[in-house]
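Handing you a structure now.
The values are calculated or read from the model by the stated rules, or taken from the named source; none is laboratory data. Keep in mind the model is a prediction, meaning the values are calculated, not measured. Here the Cβ positions follow ideal geometry from the backbone for every residue, glycine too, while neighbour counts run over all protein chains shown. Protein only, heavy atoms only, side chains kept; ligands, DNA and RNA dropped before computing areas. Shrake-Rupley method; radii C 1.70, N 1.55, O 1.52, S 1.80 Å.
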Amino acid sequence: IEKIKKIDGYEIFKNLKPMEVDYDKESINKIKKMIEYQYWKLLEEDLKVYPPDTKHLLVLIDEIKDIIYLLLKNKVDILVDLEKNVSVKELKNNFDTHYFIKALDYLLDLLKKLQSPEYDKLTDAKHKILKRSMIEGDSLDEFVPEIIKYILNGFYVVLIEKNEAIKKFNEWKEKKKNENI
């Protein structure tokens, strides 16, 4: 501290101004992609250990279920079926790989029912990956991150499309109402 005082370090430090860094859109997108890549890589690493660390995986399953609840809040029969087939509580208490893979299979089936038909081929391809991996006994880290990422993004797309459809319908309804006035 005495040496810093001798060279007037306190004043130098006080006069330092934070440097403004201006990131362009391309740099921001690169940073986002790196963070996303690392996130999914960490999930993969969690699944490589034995027994697998499923804490983050189950958070993702919960997020997927939250989206489904937003989509289907009035479809009690489907939500009851969802709880039977994808119980996070059950997976937390006893992570059974067979039950988990069946849950992923169920989520892919449900996604296919709810999504636009234009995505069916992609969903079928992910279904094939899941079934092949199950038959061949691949370790979870080899296929689960890809499948979970697809399911999560798929349900978000369904939610976005639903909200857009409702918005357009309401705009149309308002237009019709104004025409009748």
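What 222 nm value per residue comes from the helices of the chain, counting each DSSP H run with n ≥ 4 as -39,500 (n - 2.57) and dividing by all residues, nearest 500 deg cm²/dmol? Kindly include the intermediate steps, with their values, before the conclusion.
Numbers: 9 runs with 145 residues, N = 181.
After summing the helix terms and dividing by the residues of the chain, the value is -26500 deg cm²/dmol.
Give me the dipole magnitude in Debye, nearest 20, for the chain about the Cα centre, with unit charges on the beta carbon: positive for Lys and Arg, negative for Asp and Glu. Please list the in-between numbers first.
Numbers: 34 positive and 35 negative charges, 114 e Å.
Dipole about the Cα centre, nearest 20: 540 debye.
I would also like to ask the following. Using 0.36 nm per residue of separation minus the Cα-Cα distance, give me the extension gain between Asp124 and Glu90 in nm, one decimal.
Numbers: separation 34, 0.36 × 34 = 12.24 nm, distance 2.71 nm.
Working it through step by step, the gained length comes to 9.5 nm.
Here's a follow-up. Quick one: if you stick a label point 7 Å off each Cα along the C-beta vector at Val21 and Val49, how many nm between them?
3.0 nm
With the other protein chains left in place, how much accessible area per residue, in square angstrom, belongs to the chain at a 1.4 angstrom probe? Spell out each step's value before the answer.
Details: 13250 Å² over 181 residues.
Normalised by residue count, the accessible surface of the chain is 73 Å².
Additional query: Indicate the helices, whole DSSP H runs only, in the chain that combine a mean Kyte-Doolittle hydropathy of 1.0 or more with a Cα extent along their long axis of 18 angstrom or more.
Working: long enough: 25-48 (34 Å, -1.06); 55-71 (25 Å, 1.08); 97-114 (26 Å, 0.37); 120-136 (24 Å, -0.88); 140-180 (59 Å, -0.62).
Span-like helices here: 55-71.
State the dimensionless ratio Rg/Rh of region 1-125 (Rg: radius of gyration of Cα atoms; Rh: Kirkwood radius). All intermediate terms of the calculation are to be shown ahead of the outcome.
On the way: Rg = 24.3 Å, Rh = 19.1 Å.
Expressed as Rg/Rh, it is 1.27.
Return the FRET efficiency for the residue pair Lys168, Lys41: r is the Cβ-Cβ distance, R0 is 41 Å, and the value is rounded to the nearest 0.05.
Working: r = 38 Å, r/R0 = 0.94.
Efficiency, from the Cβ-Cβ distance: 0.60.
Of Thr54, Thr123, which has the most accessible area with a 1.4 Å probe, and how do the rest follow in descending order? Walk me through the intermediate numbers first.
Numbers: Thr54 20, Thr123 0 Å².
My answer, sorted largest first, is Thr54, Thr123.
Mind grabbing the accessible area of Ser139 for me, 1.4 Å probe, Å², rounded to tens?
About 50 Å², rounded to the nearest 10.
Can you work out the PRE-style zone for Glu161? Point 7 Å along Cα to Cβ, and I want the residues of region 37-81 with backbone N under 16 Å.
Only 68, 71-72 pass the distance filter.
Can you find, among Ser87, Ser27, Pro117, the residue farthest towards the positive end of the dipole of region 1-119? Put +1 on the C-beta of Lys and Arg, -1 on that of Asp and Glu.
Farthest along the dipole direction, towards plus: Ser27.
Do the alpha carbons of any pairs in Lys73/Lys177; Lys128/Lys173; Lys41/Lys89; Lys30/Lys84; Lys55/Lys75; Lys41/Lys75 sit beyond 32 Å of each other, and which pairs? Please list the in-between numbers first.
Details: Lys73/Lys177 28 Å; Lys128/Lys173 42 Å; Lys41/Lys89 25 Å; Lys30/Lys84 40 Å; Lys55/Lys75 29 Å; Lys41/Lys75 35 Å.
With Cα atoms farther than 32 Å apart: Lys128/Lys173; Lys30/Lys84; Lys41/Lys75.
If each of Val59 and Asn29 carries a label point 7 Å out from its Cα toward its Cβ, how far apart are those two points in nm?
Placing both labels 7 Å along Cα→Cβ, they lie 2.7 nm apart.
Compare the Cα positions of Thr54, Leu104, Ile78 along the charge dipole of region 4-104 (+1 at Cβ of Lys, Arg; -1 at Cβ of Asp, Glu; about the Cα centre) and return the one farthest towards the positive end.
The Cα lying farthest towards the positive end belongs to Thr54.
Ignoring ligands, DNA and RNA, please state the percent of accessible area on the chain from carbon and sulfur, probe 1.4 Å.
Working: 7530 of 13250 Å².
Its accessible area is 57 percent carbon and sulfur atoms.
How big is the charge dipole of region 126-181 about its Cα centre, in debye rounded to the nearest 20, if each Lys and Arg gets +1 on its Cβ and each Asp and Glu gets -1 on its Cβ? Can you show the working numbers first?
Details: 12 positive and 10 negative charges, 97 e Å.
Dipole about the Cα centre, nearest 20: 460 debye.
Same structure again: Taking Cα centroids, how far is region 89-121 from region 10-80 in Å?
If you average the Cα positions of each part, the centres end up 21 Å apart.
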